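Please treat every number below as a calculation from the coordinates, not as lab data. From a predicted model like this one, the values you see are computed outputs, not experimental measurements. So basically every Cβ, Gly included, is an ideal-geometry build from the backbone, and we count neighbours across all protein chains shown.
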Amino acid sequence: MNAPLPVEVLKQHLIDPEICIRCNTCEETCPVDAITHDSNNYVVDPEICNGCMACVPPCPTGSIDNWRLVVRAEAYSVQDQFGWEELPQEKSLPLDAAGADDAAQQVAADPQAEPATPPATLVTPGAAVPPWSAAHPYVNLYTHKTPITATVVGNYRVTGADTESDIHHIVLDFGEQPFPVLEGQSIGILPPGVDAMGRPHHARQYSLASPRDGERAGYNNLSLTVKRVTQDHGGEAAHGVCSNYLCDLAKNDTVQVIGPFGHTFLMPNHPKANLIMICTGTGSAPMRAMTERSRRLIGTADIGKLMLFFGARTERELPYFGPLMKLPRDFIDINLALSREPGQPKRYVQDLIRERAAQVRGLLTDRNTCIYVCGLKGMEVGVLDALREVVVQSGEDWSILHEALRREGRLHFETY
Ligand code: A2P
């Protein structure tokens, strides 16, 4: 008589709904489209996930890095995961479960499974590691269950009052409570109230616009750059729950904050490190933080070159235009790409990268240079193409340089 077949075990990949900030990074990164979401949760399809780990380093919270050993036939379905408010407890496996030990190393002993490493062309174009000299970031100090209360100490508009782009500079103070941050990190804001299903709103993620020592040096505060959302990506009227909440806040109002998040989009900390910063609209927040950090170091540290490419519709819709233009030209090389300025040709940041090819190339080939791209999703391809062209023009191999930039944590993207 044949012995019964042992039960097959799966190391199931799951996302912790209590920590996840629904930033969509994992869904965008997954090379096999195993990650999806509904209005409640981001989930991993056990039928598709091959455990390649491509989604793990880019996740700003670490909520993606959760695994459960389950009997394959009883794996949690996508529908199960959509309904979760928290991860399920570990279940004990039947004694005849096969491969439980192996499963801890590999997704499953499945001969059909994809290789564990995704093809290089499918992973994100940016680095999954920070620059070697970046300071150590703290993440997840405050979560959905344990948020911190901040007080609004400033909220004002940083774009022309007569323009469509209503962008606010919002300063939050944490008083005596610890909230250590680095330039390039982000925080989550919990808007009050509930969604259409009656559930509390999820946190919305915003990049810091201020440096590590505070919006005002020496104060325990930070700033955000928030655009009031009145339209969706297709141009249809839409009310952004959190952006409208934030833009309408008054001084002394309190806000529930979680985070900080992010462990890769960080600035280098070593002398003579150069920064190429490429942004559109509110993607300028981390660039403002890094620029201000560098500015405060003038005279005390050997700072490298700063080159900024900043895209906006018009000068009046470019957040922080006034203060930016007051920065000394020998400190930062500013290139403004205006797309709807009356009487001027439409220009995008990638056009200016091409125009400044010699300077960009010079910096790109210096191992002390880090590149940061933040803003509209659509700019990602255009910027990469421009960088490639600039390098190829001088007879160099872009694929080798691109790989080095990624490996050395010198090329970072944050797009939405
Ligand atoms: P456009 O005038 O074509 O929309 P927004 O104000 O919507 O946040 O956009 C900021 C800037 O980014 C605008 O100048 C916008 O130009 C520009 N932009 C839009 N799409 C891209 C893209 N694919 N690459 C680079 N810049 C872009």
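Any chance you could list P(r) for the stretch 1-86, counting all Cα-Cα pairs in 5 angstrom bins from zero, rounded to whole %?
That works out to 3, 15, 27, 25, 16, 6, 3, 3, 2, 1, 0, in percent per bin.
Going by a ≥ b ≥ c, the root eigenvalues of the Cα gyration tensor, does the stretch 120-245 fall in the rounded group (a/c under 1.5), the prolate group (a/b larger than b/c) or the oblate group?
It is rounded, given that a/c, with a ≥ b ≥ c, falls under 1.5.
Compute a Gaussian network model of the chain, connecting alpha carbons closer than 10 Å, and tell me which residue from 63, 294, 39 fluctuates the most.
39
Which whole-Hz ³J(HN,Hα) couplings does the stretch 270-285 yield from phi under the Karplus relation 6.51 cos²θ - 1.76 cosθ + 1.60, θ = phi - 60°, glycine and proline marked x?
For the stretch 270-285, the Karplus curve yields 9, x, 6, 6, 9, 10, 9, 10, 10, 8, 10, x, 6, x, 6, 3 Hz.
For a test of the definition: using alpha carbon positions, the gyration tensor, and the 1.5 limit on a/c, classify the stretch 219-378 as rounded, prolate or oblate.
Note, shape of the stretch 219-378 comes out oblate.
For the chain, what is the charge dipole size about the Cα centre, in debye to the nearest 20, if Lys and Arg each add +1 at the Cβ and Asp and Glu each add -1 at the Cβ?
Using only the charged Cβ atoms, the result is roughly 1780 debye.
Using a ≥ b ≥ c from the Cα gyration tensor of the stretch 176-235 (square roots of the eigenvalues), is it rounded, prolate or oblate, where a/c under 1.5 gives rounded and otherwise the larger of a/b and b/c decides, a/b for prolate?
Judged from the Cα gyration tensor, the stretch 176-235 comes out oblate (a/c at least 1.5, b/c at or above a/b).
Run the helix sum for the chain: -39,500 (n - 2.57) per DSSP H stretch of 4+ residues, divided by residue count, reported at 222 nm to the nearest 500 deg cm²/dmol.
-5500 deg cm²/dmol
Can you pick out the pairs among 11/145; 251/326; 227/346; 272/346 whose Cα atoms lie more than 29 Å from each other?
Pairs exceeding the cut-off: 272/346.
Compare 88, 31, 192 in a GNM of the chain, Cα atoms joined below 10 Å, and give the one with the largest fluctuation.
Highest fluctuation among the options: 88.
What would the Debye formula give as log10 I(q)/I(0) at q = 0.16, 0.20, 0.23 Å⁻¹ for the alpha-carbon point model of the stretch 329-416, no solvent?
-0.68, -1.05, -1.32
For a quick size check, give me the Cα extents of the chain along its three principal axes, largest first, whole Å.
Computed over the chain, the largest-to-smallest principal extents equal 85, 56, 44 Å.
In a shell of Cβ-Cβ distance under 15 Å around residue 150, excluding residue 150 itself, what net charge do Lys and Arg (+1) and Asp and Glu (-1) give?
Result for the neighbourhood of residue 150: -1.
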